[in-house]
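Below is one structure; the comments refer to it alone.
The values are calculated or read from the model by the stated rules, or taken from the named source; none is laboratory data. None of the values given here were measured: they were computed from a predicted structure. Cβ placement follows ideal geometry from the backbone for every residue including glycine, while neighbour counts extend to all protein chains displayed. Note: accessible area is taken over every heavy atom of the protein model, side chains too, but ligands, DNA and RNA are not part of it. Shrake-Rupley method; radii C 1.70, N 1.55, O 1.52, S 1.80 Å.
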Amino acid sequence: MRQTALATQTDTTNGEQLDTIREVIAGGVSSSMRAQAIPEPLVVQRAEGDRIWDVEGRELIDLNMGYGPHLFGYADPELCAALARQLTEGAMTGLPHLVDREAGELIARLVPSVEQVRFANSGTEAIASALRLARAATGRMEVLTFEGHYHGWSETIMRAGKATFHEPAPESTAPLPGAPGMIPEALEHTLQIPWNDLLALRAVFEAHGGQLAAVICEPVMANACVVPPAPGQLEELRALCDRWGVWLIFDEVITGFRLGSGGAQERYGVMPDLTVLSKVMGGGVPVAAFGGSRTTMAMLADHRAMHLGVYAGNHMSVRAAATNLSKIQRSPEIYTELEKHGDYLEQRLRALFAELHRPALVSRVGSLLSVSLLLRPADLSRGPRAAAQAMDFAGQRALQIAAQERGVYFHPSPIEPWFLSTAHSAADLDQVVSVVRDALVSVTGSR
């Protein structure tokens with residue numbers, strides 16, 4: 001990690017600073033999901049590499065990494081230089097720019113199923129547009145989703161998710177609204193079934209296949225534990241969509257460019273009709289994209305379908321995408337290293353929990369992990385709901401607070417993932433394991 005002068009710390013504590021932020025920012029955060037991420041006050045002053053520094057001057061190894069975008073670490077010098085240059089040449093004109101072609105060509109080169117894209121500002125925007133395109137192209141209205149998969153907060157797809165995992169599994173395919181204030185009929189054309197349940201998948205197609213416009217999923221579930229597809233799940237999904245004329249949409253907001261240069265679809269060899277990308281593509285700059293074949297994108301290409309957004313495809317965001325994707329294209333070896341580091345951390349943590357006789361669930365795909373303390377043994381074979389009902393939420397929160405005090409930050413929820421970056425060294429991972437050990441002993445008294 002390059003060395004720079006640490007910004008001057010404040011004379012106040014994290015808690016005091018957070019209180020002042022709450023005076024002008026409702027709840028102290030600008031995304032409701034972040035509220036649970038700070039059970040012990042933490043206000044960031046700056047971030048670089050795999051480290052964050054709080055307003056008290058404490059340095060922490062970060063395993064949240066902005067919820068996943070920073071594959072190359074915070075403040076990546078190449079990205080910073082490209083953004084600084086673009087800022088002097090114009091951040092946004094609302095007109096086509098040469099960087100559009102550069103970034104679009106890189107996506108098409110890296111992502112197997114994509115020939116054309118449209119840019120958006122966030123995963124939520126891109127998913128809403130992808131679903132609208134699928135409905136327009138197929139002339140159908142129903143969309144199939146999977147329990148626990150998160151696809152943003154737009155009105156027709158925001159279902160009650162992981163917050164309801166403590167409840168019994170629903171018997172109906174009708175999902176519950178995900179937030180107060182949603183239009184009661186908003187989910188009228190949305191269905192939901194468990195993830196990795198082939199019988200339920202076949203049954204819902206038999207009942208609704210002729211009415212389905214699209215199926216949308218995270219090819220690796222990553223918003224409520226890391227749950228890879230069961231053998232045959234994605235292949236069956238592709239075959240059923242082909243049989244019934246349904247569009248398959250992969251939400252690769254998290255997995256895109258993280259599980260490999262071609263995302264989860266390259267890793268598992270199953271091609272969707274539309275792919276949604278964000279996070280790693282922007283490296284912390286807000287940008288998203290959705291795309292597919294020229295045939296799939298035809299209604300947007302000839303302007304029969306609609307996709308809007310004043311800031312969609314702004315030059316700063318697209319420059320960030322072009323810079324990060326160019327770096328990925330030049331450096332395919334990073335995924336071998338990330339896989340190696342992910343496996344190393346996984347095995348060290350498994351050994352630690354076994355040594356301390358502490359039930360825990362560790363799941364990983366590539367550089368994406370979930371680490372969950374348990375009240376009783378559990379696995380993910382019966383789905384994330386069953387596993388979540390065995391998780392020790394209070395214990396995990398206590399562990400996170402103790403780890404934060406010792407210089408390591410990760411999300412305090414046991415169903416939220418950890419993210420590794422190229423900035424995390426083997427020595428950093430050893431430090432993480434050491435801190436987790438000390439933190440676990442401090443909160444449980446284990447020896």
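Observations on the model:
- Residue tally, condition open to solvent by 20 Å² or more (accessible area, probe 1.4 Å) and either part of a loop (DSSP other than H, G, I, E, B) or under 22 Å from SER331 (Cα atoms) (or both), over the stretch 53-65: 3
- Beta carbons closer than 6 Å, at least 6 apart along the sequence or on distinct chains, pair a first residue in the stretch 374-389 that is on the phi > 0 side of the Ramachandran plot with a second that is part of a loop (DSSP other than H, G, I, E, B) and not small (Gly, Ala, Ser) for GLY383/PRO194.
- Filtered by the rule that a residue be open to solvent by less than 70 Å² (accessible area, probe 1.4 Å) and either under 14 Å from TRP195 (Cα atoms) or in a helix (DSSP H, G or I) (or both), the stretch 158-174 gives GLY161, LYS162, THR164, PHE165, ALA169, THR173.
- Verdict on LEU380 being crowded, with 19+ Cβ neighbours inside 10 Å and in a loop (DSSP other than H, G, I, E, B): yes
- Given (1) surrounded by fewer than 24 Cβ atoms within 10 Å (Cβ to Cβ); (2) closer than 23 Å to ARG385 by Cα, number of the condition MET221 does not satisfy: (1)
- Residues of the stretch 273-296 classified as in contact with a helix residue (DSSP H, G or I) (Cβ under 9 Å, 6 or more places away or on another chain) and either open to solvent by 10 Å² or more (accessible area, probe 1.4 Å) or without any contact (Cβ under 8 Å) to a residue 12 or more places away in the chain (or both), total: 9
- A single entry from GLU89, GLU105, GLU78 fulfils the requirement of being in contact (Cβ under 8 Å) with a residue 12 or more places away in the chain, among the charged types (D, E, K, R) and either surrounded by 22 or more Cβ atoms within 10 Å (Cβ to Cβ) or more than 30 Å from ARG51 (Cβ to Cβ) (or both): GLU89.
- Listed by first and then second residue, the pairs with beta-carbon distance under 6 Å, at least 6 apart or on different chains, first residue in the stretch 346-359 and at pLDDT 95 or above, second part of a helix (DSSP H, G or I) and open to solvent by 50 Å² or more (accessible area, probe 1.4 Å), are LEU352/ARG437.
- One residue stands out in the stretch 389-400 among those that are open to solvent by less than 10 Å² (accessible area, probe 1.4 Å) and in a helix (DSSP H, G or I): the one that is nearest to ASP54 (Cα to Cα), namely GLN400.
- Cβ-Cβ under 9 Å pairs, at least 6 apart or on other chains, the stretch 22-34 side exposed (fewer than 12 other Cβ atoms within 10 Å of the Cβ), far side part of a loop (DSSP other than H, G, I, E, B): SER32/TRP153; SER32/ALA179
- Residues of the stretch 297-328 that are surrounded by fewer than 24 Cβ atoms within 10 Å (Cβ to Cβ), under 20 Å from ILE127 (Cβ atoms) and β-branched (Val, Ile, Thr): VAL310 alone.
- Selection within the stretch 79-133: residues that are assigned to a helix (DSSP H, G or I) and acidic (Asp, Glu). The member of this set that is farthest from HIS303 (Cα to Cα) is GLU89.
- Exclusive hit being at pLDDT 95 or above and open to solvent by less than 40 Å² (accessible area, probe 1.4 Å), set ALA403, ALA386: ALA403
Residues checked against (1) open to solvent by 20 Å² or more (accessible area, probe 1.4 Å); (2) in a loop (DSSP other than H, G, I, E, B):
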{"position": "ALA203", "(1), (2)": "yes, no"}
{"position": "GLY210", "(1), (2)": "yes, yes"}
{"position": "ARG243", "(1), (2)": "yes, no"}
{"position": "LEU259", "(1), (2)": "no, yes"}
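- Here the condition is being open to solvent by 50 Å² or more (accessible area, probe 1.4 Å), without any contact (Cβ under 8 Å) to a residue 40 or more places away in the chain and either in a loop (DSSP other than H, G, I, E, B) or among the charged types (D, E, K, R) (or both); of GLU236, GLU266, GLU188, it holds for GLU188 alone.
- Taking the conditions (1) assigned to a loop (DSSP other than H, G, I, E, B); (2) farther than 20 Å from SER278 by Cβ; (3) at pLDDT 95 or above; (4) not acidic (Asp, Glu) in turn, GLY313 satisfies each one other than (2).
- Among the residues of the stretch 325-375, the ones that are hydrophobic (A, V, I, L, M, F, W, C), under 19 Å from the mean Cα position of the chain (by Cα), assigned to a strand (DSSP E or B) and within 20 Å of TYR409 (Cβ to Cβ) come to 4 in all.
- GLN431 being in contact (Cβ under 8 Å) with a residue 12 or more places away in the chain, more than 22 Å from the chain's Cα centre (by Cα) and open to solvent by 30 Å² or more (accessible area, probe 1.4 Å): yes
- Test: ASP242 is out of contact with any Asp or Glu (no Cβ under 7 Å at 6 or more places or on another chain) and over 27 Å from MET33 (Cβ atoms): yes
- Test: residue in the stretch 407-418 that is surrounded by fewer than 19 Cβ atoms within 10 Å (Cβ to Cβ) and among the aliphatic types (A, V, I, L, M): no
- Whichever residue in the stretch 136-151 is aliphatic (A, V, I, L, M) and open to solvent by 10 Å² or more (accessible area, probe 1.4 Å) and, among such residues, is nearest to LEU187 (Cα to Cα): MET141
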